[in-house]
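A.B. asks: The structure that follows is given in the form of structure tokens.
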Amino acid sequence: MSDHQKRSPRLFVEAGLSEGTEVACDRGQAHYLLNVMRLRGGDTVRAFNGRDGEWLCEISSAAKKSCALTPASRTRTQTALPDIHYLFAPLKHARLDYMVQKATELGCSRIQPVITAHTNASRVKLERMRSNAIEAAEQCNLLDVPFIEEVTTLDNLLSSWPEERHLVFCDEEAQIASPLQALGGIGPGALAVLIGPEGGFSDEERDRIRQLSCVTAISLGPRVMRADTAGVAAMALVQSALGDWG
């Protein structure tokens, strides 16, 4: 792939990708390619769907408000995301957008909002979350987009928690000061990272979380962080110690 082709815009598509099979762009994608990027028929676009890798495509048809892509060659084969779920107390507006984007960039496979006792924002637009995840994946050369789960409560989440998935939760009262030392006690397997709200978990919630047999509390250091910052720090620690950064 030439340097020019490497600079081609990237799009996430739902359709399957295979050589010569035309893929229709939705209206927003067509507007972006034709009016924002000012591409025309014959120009190249890179496309991915989370299943078939990344493909170099040609704009095979272009009208005023529509266009289609025809995959020509696969540029990268599909790779799997680490099996890490990102669970967080919802935030408001731009900070929620930021958190979803960063969780996507850091390589989680699922994102789920969890309502806790001190959660301030209970209304979450899942479609907006998905749009932010897709945008982050497109811009950061990722091959997959994390699945966006429905909102749940912490009580419901813990009541049906699968024992085979180890839960890492950020707790200012964690007994081990070093998060890497705490994470070092976790074996390989499925993981989840739980981030609380600005006010932290209540005492009752903390006790309920600790009752799980597959849980590890980690400290994020001596400074108080905003919830979106804590999420980035926790995901970076988990990826470094247990994910695909090694």
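The values are calculated or read from the model by the stated rules, or taken from the named source; none is laboratory data. Fair warning: this is a prediction, and the values are worked out from it, not measured in the lab. Cβ atoms come from the backbone with ideal geometry, glycine included; neighbour counts cover every protein chain shown. Heavy atoms of the whole protein, side chains included, go into the accessibility calculation; ligands, DNA and RNA do not. Shrake-Rupley method; radii C 1.70, N 1.55, O 1.52, S 1.80 Å.
A.B. asks: Taking the conditions exactly as written (under 18 Å from ILE195 (Cβ atoms), open to solvent by less than 60 Å² (accessible area, probe 1.4 Å) and either modelled with pLDDT of 95 or more or of a type in the set (Lys, Arg) (or both)), does GLN112 satisfy them or not?
C.D. replies: It is true that GLN112 is under 18 Å from ILE195 (Cβ atoms), open to solvent by less than 60 Å² (accessible area, probe 1.4 Å) and either modelled with pLDDT of 95 or more or of a type in the set (Lys, Arg) (or both).
A.B. asks: Answer yes if at least one residue in region 198-206 is part of a helix (DSSP H, G or I), out of contact with any strand residue (DSSP E or B) (no Cβ under 7 Å at 6 or more places or on another chain) and surrounded by 14 or more Cβ atoms within 10 Å (Cβ to Cβ), and no otherwise.
C.D. replies: Checked against the condition, which is being part of a helix (DSSP H, G or I), out of contact with any strand residue (DSSP E or B) (no Cβ under 7 Å at 6 or more places or on another chain) and surrounded by 14 or more Cβ atoms within 10 Å (Cβ to Cβ), region 198-206 yields at least one hit.
A quick yes/no check of all residues on (1) surrounded by fewer than 17 Cβ atoms within 10 Å (Cβ to Cβ); (2) modelled with pLDDT of 90 or more; (3) assigned to a helix (DSSP H, G or I):
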site	(1), (2), (3)
ARG208	yes, yes, yes
SER213	yes, yes, no
ARG223	yes, no, no
ALA230	no, yes, yes
LEU237	no, yes, yes
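A.B. asks: While we're looking at this one, here's another question. Touching a helix residue (DSSP H, G or I) at 6+ places or on another chain (Cβ under 9 Å), in a loop (DSSP other than H, G, I, E, B), open to solvent by 20 Å² or more (accessible area, probe 1.4 Å) and closer than 28 Å to GLU14 by Cβ: is that true of GLU135 in this structure?
C.D. replies: It is false that GLU135 is touching a helix residue (DSSP H, G or I) at 6+ places or on another chain (Cβ under 9 Å), in a loop (DSSP other than H, G, I, E, B), open to solvent by 20 Å² or more (accessible area, probe 1.4 Å) and closer than 28 Å to GLU14 by Cβ.
A.B. asks: Now, a different point. Return only the number of the condition from (1) of a type outside the set (S, T, N, Q); (2) without any contact (Cβ under 8 Å) to a residue 12 or more places away in the chain; (3) closer than 20 Å to ILE134 by Cα that ARG46 does not satisfy.
C.D. replies: (2)
A.B. asks: OK, next. Going by the conditions given, is GLU163 within 19 Å of ARG206 (Cβ to Cβ), among the acidic types (Asp, Glu) and either surrounded by fewer than 17 Cβ atoms within 10 Å (Cβ to Cβ) or over 13 Å from the mean Cα position of the chain (by Cα) (or both)?
C.D. replies: no
A.B. asks: On to the next question. Can you work out which of the residues in region 169-185 that are under 17 Å from ARG210 (Cβ atoms) and in a helix (DSSP H, G or I) is most open to solvent (accessible area, probe 1.4 Å)?
C.D. replies: The selected residue is PRO179.
A.B. asks: Out of (1) closer than 21 Å to GLN239 by Cβ; (2) in contact with a helix residue (DSSP H, G or I) (Cβ under 9 Å, 6 or more places away or on another chain); (3) open to solvent by 20 Å² or more (accessible area, probe 1.4 Å), the odd one out for ASN141 is which?
C.D. replies: (2)
A.B. asks: Please enumerate the residues belonging to region 138-166 that are in a helix (DSSP H, G or I) and without any contact (Cβ under 8 Å) to a residue 24 or more places away in the chain.
C.D. replies: ASN156, SER159
A.B. asks: Also, I was wondering about something else. Restrict the check to region 79-87 and report whether at least one residue is among the acidic types (Asp, Glu), surrounded by fewer than 17 Cβ atoms within 10 Å (Cβ to Cβ) and within 13 Å of the chain's Cα centre (by Cα).
C.D. replies: Yes, the conditions are met somewhere in region 79-87.
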